[in-house]
Amino acid sequence: MAFRDQTIDAFLQQLSSKAPIPGGGGASALVGALSASLAHMVAALTVGKPKYAAVETEMNELLKTAETLTNRFLALMDEDAEAFEPLAQAYRLPKETEAEKAEKSLRMEAALKSAVQPPIAIMETCAQALPIIALCAEKGSIVAVSDAGVAASLCRVALESASLNVFINTQGMLDQAYAASLNARANTLLQKHTAEAEAISRAVFARLGA
């Protein structure tokens, strides 16, 4: 069963168990989905209001984008679990003989390179979500501006959390050049979009007079 089809309680029980999946990657993707869903809510509360007629077209487009991003985040919950499973298996391989050590090393390297892809994708999806959250904060209904602020905060958390899953995987890679390129990519996303999320939060606080 896909994680999106589980109850909240069932997912949290799995998350808190000893099972290797879901883990931090799946949790990061879920937080991202919550963020995009809140952006959708703000747009939905803005559309159809005479006061916001000037931004009706923008908000209708935002609704479509937010739904797409929410679905992408939810899909990444499962993609992260699927990518981590081979790594979990590789960790359990024996390493008593030289042949076993070599086999484990090969399997680990391939599994690490696979497992790092969903967290990078989560970070990139966060980067796509922040512009629509900014639009909600700037032009969305004032009655929901705090929700736009929450969306920005959650998006930042998802971004930072996913980066940790990138760095833990690159740390174990033998291909140091590839690991360095992934780390650089993750750090670029972090630096640019953490600042973007912070700017949205500041704008929301200002709009609330806080």
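Bear in mind these aren't lab numbers, they're just calculated from the coordinates by the rules spelled out. These figures come from a predicted structure and were not determined experimentally. Positions of Cβ are generated from backbone atoms using ideal geometry, with glycine treated the same way; all protein chains shown enter the neighbour counts.
Can you tell me the 0 to 90 degree angle between the C-alpha axis of helix 176-207 and the longest principal axis of the chain, rounded to 10?
20
I'd like the distance separating the alpha-carbon centroids of the stretch 1-16 and the stretch 86-154, in whole Å.
When both Cα centres are located, 18 Å separates them.
Express in nm, to one decimal, how much length is gained between R207 and E109 on full extension, taking 0.36 nm for each residue of separation and deducting their alpha carbon distance.
Taking 0.36 nm per residue and subtracting the Cα distance, the gain is 30.4 nm.
Tell me the angle of helix 98-115 to the major Cα principal axis of the chain, expressed in degrees between 0 and 90 and rounded to the nearest ten.
10
May I ask for the net charge around S37, where only other residues with Cβ less than 13 Å from the Cβ of S37 are counted and Lys, Arg are +1 while Asp, Glu are -1?
Around S37, the surrounding residues sum to 0.
Determine, for the chain, the count of lysine pairs separated by eight or more sequence positions (or lying on different chains) whose alpha-carbon distance falls under 16 Å.
Lysine pair count for the chain: 4.
If you plug each phi of the stretch 56-71 into the Karplus form 6.51 cos²θ - 1.76 cosθ + 1.60 with θ = phi - 60°, what whole-Hz ³J(HN,Hα) values come out, in order, with x for Gly and Pro?
In residue order, the calculated couplings are 4, 5, 4, 5, 5, 5, 4, 4, 5, 5, 4, 5, 4, 5, 4, 5 Hz.
Just to check I understand the Karplus step: with θ = phi - 60° and J = 6.51 cos²θ - 1.76 cosθ + 1.60, what whole-Hz values come out for the stretch 118-125, glycine and proline as x?
Going residue by residue, I get x, x, 4, 5, 4, 4, 5, 5 Hz, with x marking Gly and Pro.
So, R0 is 41 Å and r is the distance between the beta-carbons of R185 and D5; what FRET efficiency does that work out to, to 0.05? Kindly include the intermediate steps, with their values, before the conclusion.
Numbers: r = 32 Å, r/R0 = 0.77.
After rounding, the FRET efficiency stands at 0.85.
What is the angle, in °, between the Cα long axis of helix 145-171 and the longest principal axis of the Cα atoms in the chain? Nearest 10 is fine, range 0 to 90.
Helix 145-171 sits at roughly 10 degrees to that axis.
What percent do you get for the relative contact order of the stretch 11-73 when only Cα pairs under 8 Å and 6+ apart count?
This gives 37 percent for the stretch 11-73.
Mind listing P(r) for the chain? All alpha-carbon pairs, 10 Å bins, whole percents.
Percent of pairs per bin, in order: 9, 31, 30, 19, 8, 3, 1, 0.
What number, in percent, do you get for the relative contact order of the chain if the mean sequence gap of Cα pairs under 8 Å and at least 6 apart is divided by its residue count?
The normalised contact order for the chain reaches 26 percent.
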